[in-house]
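Working notes, beginning with the structure itself.
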Amino acid sequence: MAENTRRNFIKKSALASLMAMSLPEVLSASNTVAFNSENKSLTFVFQGDSITDGNRGRTKDPNHIMGHGYVYSIASSIGADFCKDKHHFINKGISGNTISDLEKRWQHDALDLNPDVISILVGINDVASEIEKKPSAINNLEFESKYRKLIVDSKKVNPAMVLVLCLPFVAAVGKRQNDFEIWNKATTEKAMIIQKLAKEYDTVLVNFPQVLEKAIKKVPAEYWIWDGIHPTVPFHTLMAREWIAAVSKKIHFLKGYSGI
């Protein structure tokens, strides 16, 4: 009985530290980029791991290229509702990727695509490597250094580029129930680094942990995250809504757009 009570407490409060992260100073409306949908077609590039990958197709078949996750929802909504502007959406997420993997392919899979917007969701595989003590594991200082390099390299190529940094998340579901405290601590540390970089470089910050915390107040976490790491279809939709809301503070034509 005591153990069940303890677990319920953890589930309710585990993401509190991430939820408490403040966004206003990062997402200041005064720093909005004047992208007007009536006269500019934008290229959006999405980078990350399996959550971004969404089992996307690896061919040019337009029926599968965006995968079946939050990226698909974002691209389908903006693409349909602002169709006259013919915005271009590219999903370059790869399942299992860490920040080191993104660093290795950043030039070819991000910068060479001439993006106006780059969205990054990474960190949970770095947490896994750290906890499982894999040879490829890096510490938090190295994680920050590599992430910072992606930002700096991107800004060098295009100072006006909109960078969207998304916070990783984890839930006490499935295999993550027994070791949740360890995973949550490590994930929170990565998220705090990303928040720090977002503030330092005035990027968009998307607080997915906060979205999850709010969602599990309505129904249990199992409804939203099926294995402790990967979202269900409903949570991918919540992620897409939050992403659009956050990015709208930097891109004019999305201001007030409800999306999905």
### Query
Does region 217-234 hold any residues that are aliphatic (A, V, I, L, M) and more than 19 Å from ASN178 (Cα to Cα), and which are they?
VAL219, VAL233
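Looking only at region 124-137, how many residues end up being touching a Ser or Thr at 6+ places or on another chain (Cβ under 7 Å) and either among the acidic types (Asp, Glu) or touching a residue at least 40 places away in the same chain (Cβ under 8 Å) (or both)? Explain how you work it out, then say what you get.
First pass over region 124-137, keeping only residues touching a Ser or Thr at 6+ places or on another chain (Cβ under 7 Å): 124-127, 129, 136-137.
With the extra rule that they be either among the acidic types (Asp, Glu) or touching a residue at least 40 places away in the same chain (Cβ under 8 Å) (or both), the set shrinks to 124-127.
Number satisfying all stated conditions: 4.
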### Task
Return yes when MET239 is surrounded by 23 or more Cβ atoms within 10 Å (Cβ to Cβ) and in a helix (DSSP H, G or I) and no when it is not.
yes
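Among the residues of region 167-174, are any β-branched (Val, Ile, Thr) and closer than 19 Å to THR98 by Cα? Can you show your working first?
Applying the first criterion (β-branched (Val, Ile, Thr)) to region 167-174 yields 170, 173.
Cutting the leftovers down to closer than 19 Å to THR98 by Cα gives us 170.
Looking for residues that are β-branched (Val, Ile, Thr) and closer than 19 Å to THR98 by Cα, one finds at least one in region 167-174, hence yes.
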### Message
Here is a list: ALA191, ALA198, ALA171. Which entry is farther than 24 Å from THR43 by Cα, in contact with a strand residue (DSSP E or B) (Cβ under 6 Å, 6 or more places away or on another chain) and crowded, with 21+ Cβ neighbours inside 10 Å?
### Response
ALA171
### Task
Could you figure out which of (1) over 27 Å from PHE143 (Cβ atoms); (2) modelled with pLDDT under 95 isn't true of ASN178?
(1)
### Query
Which ranges mark the helices (runs of 4 or more DSSP H) fully within region 48-148 that have 2 or more residues being at pLDDT 95 or above and either surrounded by fewer than 18 Cβ atoms within 10 Å (Cβ to Cβ) or among the aliphatic types (A, V, I, L, M) (or both)?
70-81, 99-109, 124-131
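The values are calculated or read from the model by the stated rules, or taken from the named source; none is laboratory data. Here the structure is a predicted model, which means the values were calculated and not measured. Cβ sites come from the backbone with ideal geometry, for glycine too, and all protein chains shown count toward neighbours.
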